[in-house]
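Participant: Below: one structure in structure tokens.
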Amino acid sequence: MLQAIRSEWESTGMLDHKLLEQRRRFFVHLQRVYPAIVPFLKGIHLTLDRWRPGRDEDGWRIPDWEIDLELTPTASSSAPEFVRPVSRFGDDLESLESLFAPLVPPQHVIRSASIATCIYGFVDASGTGFGSSLLVPGNHVLFRQGIWGRDTDHSSSNYRELCNLVNTLEDGVVN
């Protein structure tokens with residue numbers, strides 16, 4: 001379908017409005033399965049609506065307060081048979097072609113294979129001492145306390161707190 005759109009565009013510089021509208025319906029349906037294509041359909045949307053009154057050269061709606069009714073040409077109430085693509089159309093078409101290029105479609109993960117757990121705790125690394133306590137699933141408490149060595153004398157407290165937290169998790173058994 002994308003190759004047919006490109007072929008028509010390259011041969012005439014225009015696109016059949018009705019046919020492009022039908023193809024857009026298919027891609028709008030397809031975006032439910034492949035949400036990555038959503039931003040690249042904008043070129044098709046703008047191309048199809050460019051003929052409507054109150055639109056600029058790229059198909060974007062002009063705010064009412066910017067429209068000068070005397071200078072705005074009146075557009076017909078029905079869509080033209082052929083439409084000229086907007087400036088972003090080529091880039092969007094190229095992006096869609098690259099997304100659909102693989103022979104095997106990309107997989108979209110619906111249910112993940114792993115679960116992350118949020119752990120609440122207190123960590124302190126002020127001065128020369130440190131301590132931490134964490135409540136992990138199953139109402140288990142992991143704790144650690146001690147005194148920093150000379151190798152951390154010039155390290156920031158943020159660094160010490162991170163080391164304290166990581167070491168507490170490594171020392172404890174979390175299932």
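Please treat every number below as a calculation from the coordinates, not as lab data. Fair warning: this is a prediction, and the values are worked out from it, not measured in the lab.
Participant: What is the log10 of I(q)/I(0) for the stretch 2-99, computed with the Debye formula using one identical point scatterer on each Cα and no solvent, at q = 0.14, 0.19 Å⁻¹?
Facilitator: Each listed q corresponds, in turn, to -0.55, -0.93.
Participant: Please determine, in degrees from 0 to 90 and to the nearest 10, the orientation of helix 17-30 with respect to the longest principal axis defined by the Cα atoms of the chain, where the helix direction is its Cα long axis.
Facilitator: Approximately 20 degrees, to the nearest 10.
Participant: Report relative contact order for the stretch 4-112 in percent, whole number only (criteria: Cα-Cα under 8 Å, sequence separation at least 6).
Facilitator: Numbers: 98 pairs, mean separation 35.2, N = 109.
Dividing the mean separation by the residue count of the stretch 4-112 yields 32 percent.
Participant: Okay, moving on. Expressed as an acute angle from 0 to 90° and rounded to the nearest 10, what is the orientation of the C-alpha long axis of helix 89-99 relative to the principal long axis of the chain?
Facilitator: 50 degrees
Participant: Using C-alpha positions alone, give me the convex hull volume of the chain per residue in cubic angstrom. Mind showing how you got there, number by number?
Facilitator: Values: hull volume 46.9 nm³, N = 175.
Output value, Cα hull per residue: 268 Å³.
Participant: 222 nm [θ] for the chain, helices only, -39500 (n - 2.57) per DSSP H run of 4+, per residue, to 500? Walk me through the numbers on the way to the answer.
Facilitator: Numbers: 5 runs with 59 residues, N = 175.
Counting only the DSSP helices, I get -10500 deg cm²/dmol.
Participant: Calculate how steeply helix 157-171 sits against the longest principal axis of the alpha-carbon atoms of the chain, using the helix alpha-carbon long axis, and give the answer as 0 to 90 degrees to the nearest 10.
Facilitator: 80 degrees
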